[in-house]
1. Scan segment A:256-275 and tell me whether some residue there is without any contact (Cβ under 8 Å) to a residue 12 or more places away in the chain and outside any helix (DSSP H, G or I).
2. Looking at segment B:203-289, what strands (runs of 3 or more DSSP E) fall wholly within it and have at least 1 residues that are aliphatic (A, V, I, L, M) and closer than 25 Å to A:Arg336 by Cα?
3. Can you pull out every residue in segment B:230-262 that is touching a Cys at 6+ places or on another chain (Cβ under 6 Å) and more than 13 Å from chain A (Cβ to nearest Cβ)?
4. For segment A:191-248, name all the residues that are surrounded by 19 or more Cβ atoms within 10 Å (Cβ to Cβ) and of a type in the set (Asp, Glu).
5. Answer yes or no: is there a residue in segment A:158-173 that is crowded, with 23+ Cβ neighbours inside 10 Å, among the charged types (D, E, K, R), more than 8 Å from chain B (Cβ to nearest Cβ) and in a helix (DSSP H, G or I).
6. For segment A:492-500, indicate whether the set of residues that are at pLDDT below 90 and not in a helix (DSSP H, G or I) is non-empty.
7. Would you point out which residue out of B:Glu89, B:Glu100 is over 21 Å from B:Gly293 (Cβ atoms), assigned to a strand (DSSP E or B) and more than 14 Å from chain A (Cβ to nearest Cβ)?
8. Given the criterion on the phi > 0 side of the Ramachandran plot and in contact (Cβ under 8 Å) with a residue 12 or more places away in the chain, identify the matching residue among A:Gly88, A:Gly93, A:Gly97, A:Gly132.
Amino acid sequence: MTSVPVNQIPAPPSPDRAASPAPGAAPARSPAPSPGAPAPPAPPRRTGPPSRLRSVPGRVLAITGACVLALVLLFGALSTSFQDVNDGLDVIGHDAGPQVVATADLYFALSDMDTQVANVLLIGDEHGLGKGRQRALELYERRRSDAGRAVLQASALAGADPAERRTVQAVLDRLGRYERLAARALLLDEQAGHPAGPPPERVLEVYRQATDLMRLELLPMAYNLTLESGTIVRRAHDEHTSALGTGQVLVAAAGLLALGGLVWLQAFLARRFRRVFNPALLVATAIAGMYALTGFTVLGGEAGLLQEAKREGFDSVLALARARAVGNSMHGDQSRYLLDPERADTYEQTYLDKSQSVLYAPSGNLGAYYTAVAEGVAAYPAKAEFLGLIGQEAARSGPSARQAAIADVLRRYREFQQSDAQLRRATSREAVQVLVGQLATRFEAYDAALVKLAGIHRTTFDRAVRDGEERVEELWFLLPMAMISTAVLIVAGVWPRLSEYR
Amino acid sequence: MRPVSVSAGAFPPDPGRRGRRSGRRPRPLALAAAAGLAVLLAGACGTGRPDSILDRETLVVGVKPDQPGLGMKVGEGRYEGFDVDVATEVARRIGAPRVEFVTVLSSNRQRFIEEGKVDMVVATYSITPVNRSKVTFAGPYYVAHQDTLVRAEDKDVDNVRDLKDRRLCQAAGSNSWRRVKEERQIAVRLVPAATYSECLDKLRDKAVDAVSTDDLILAGFSAETGSAFRIVNAPFTDERLGIGMRKGDLDGCEAVNRALTAMYQDGTAGKLLRKWFGASGLELNFSVPQFEGCA
């Protein structure tokens, strides 16, 4: 027993402890001893300087502030992401996408101009041969005006890019020169008056200048413009896809922060003011949560749409535009092969090279190529181990409406190649007849099938871009409403509580 | 509350984001959010891009060691020729800090690219569908044409078809002879040789009657050996000479294509062509070639 008083001897400091609990870390965190049992606010002990953060209204304000900050973050992240999606769709859907079409049209028109000039020269005096001289001349005129229109469009879409603008300018300059050379060749040919087949050497000399200008300078420029648009789309796609990923992460983080803050505020108010729910805050939480969730999902969907627009739409449109360009210059090589015996070997080899880049079939020469194509096409779609621009389109397409269109393209391509075999076997005059008759018809049928297939992808592309824009637009429209309503509801939920302290 | 902070602590290695929550009392919600952020960021950053020639400190370029005018070894690690100049210019324009040249041959250049021994190959590398399935090609930086070289006193050959029943040199690893014998189906007699320099020796020694390959290669050789040989000047193919790099390096390929476009637009390419082949009498084309497209 004696020990007790002994123990109590050092007691004196104890009142001290009761009076100033401040040095301990505990009090700030523990409102447990708070006598806040009565609903009307009984301000807790104010010891020392009244830190605003420790007072109940101060803490309510602080938590509310944190919530608002998180919400601002959320809405900010959403609106930047939406802006980003819009920019991406704009580049892909309204800038580089149309540029691919415009420049591919340009290539087609230019290449066909040269083909038609060659055809007119080949027909010579026999004006009625095949589809006739007049038709070739009309086509030449039509392609000329198509080319002019396409250059204008490409120039408008090239925008401020200096390298692209220089290229478009160079195309314009050389086009004028080409037309002069072509006109001279046509005039000389008319004066020469020769039977169907190669024209006299002096006509050929002028035509060689013209076709060299076309094939070595103009066509590469047009083709490279198409490729450049492909580059722009690929970069925009990569950039915006990764930005969308980051945006989604930010939205998720800010959404979680905001929801957490709102729940915290709700819990704090419930404990302090003995109310189970604060309805206004509850609704604000629901709105913020729903909007964050919708935003998050929509951003994910946009990434999917961008992907679809590029992979299913744009990539195929680009590949088919290139196939069409190469196909047309192949067709031109057939005319030039007959027109210029001196260069016939080169034109035959470039024809094979271009055929291989359209649809690759292992073969060392044209004879083997015809056979390989015939076999490969017959085996489609059971076997689709193709390479080349159309080959890869065929290989990556599962059973769908597209597959039927691809099968059609392949079938017509095979027919076109069969006519080519006929052309190379025939004697000079017969060959010209095949060229401007049956072969021209088959080429047009093949080209039309290609255009139809590209149209299917174009539709996919346009739809994906439009869907993407519509979804973002809806959320854009709702964004200010969500912001205003959450702000109003938070104020409505917190204000009455704060005013109890007045 | 506790499990959250534990799991948040499980993501410290996230680089570049360290130290943000040290020194403060753990706030459960902030921690939860940070944990979520860390998880999502880790997912977003996990898919690293394949490396590109654009990321190289030192760009290792493979060139030929034995083709005068194109790629010729002149000393330890020193090469000269059109290919070398094109590679140097391209490297500068894509922003490579340093360039190093190494020897590649037709027989090993694809393997060197695949194994990463070289980053880029500029070595009269023809773009063909088969090559393209293994290597990504930028360019072509030039479209050469196959032509034929004969002894100067041999006046009977005006055209590749005149090679019928003559002896044609077949250099190892090169496909040029196929263009004659298989594509054109011209009945030549093939005489194998290890390299084109050996073909030239054989031509001089009358062991073969003709050498047929890219006109740029022939121009380089004939410039070196004076007037003993004659280029027939009857080109019969288009050979698209590309810049090879690792399959799938689209960023690098597109950057090289832009560099090539700029080189042709500002006249640099024309200057280099004239520098190396101006004296050969070849007809040169100074306009940008039609690119293959990066794939």
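1. Checked segment A:256-275: at least one residue is without any contact (Cβ under 8 Å) to a residue 12 or more places away in the chain and outside any helix (DSSP H, G or I).
2. B:229-231, B:239-246
3. None; the set is empty.
4. Matches in segment A:191-248: A:Glu217, A:Glu228.
5. Among the residues of segment A:158-173, not one is crowded, with 23+ Cβ neighbours inside 10 Å, among the charged types (D, E, K, R), more than 8 Å from chain B (Cβ to nearest Cβ) and in a helix (DSSP H, G or I), which makes the answer no.
6. So the first thing to find is which residues in segment A:492-500 are at pLDDT below 90, and the list is A:492-500.
Next, from what is left, pick out any that are not in a helix (DSSP H, G or I): A:500.
Yes, segment A:492-500 contains at least one residue that is at pLDDT below 90 and not in a helix (DSSP H, G or I).
7. The match here is B:Glu100.
8. On inspection, the qualifying residue turns out to be A:Gly132.
The values are calculated or read from the model by the stated rules, or taken from the named source; none is laboratory data. Owing to the predicted nature of the structure, the values given are computational and were not obtained by experimental measurement. Positions of Cβ are generated from backbone atoms using ideal geometry, with glycine treated the same way; all protein chains shown enter the neighbour counts.
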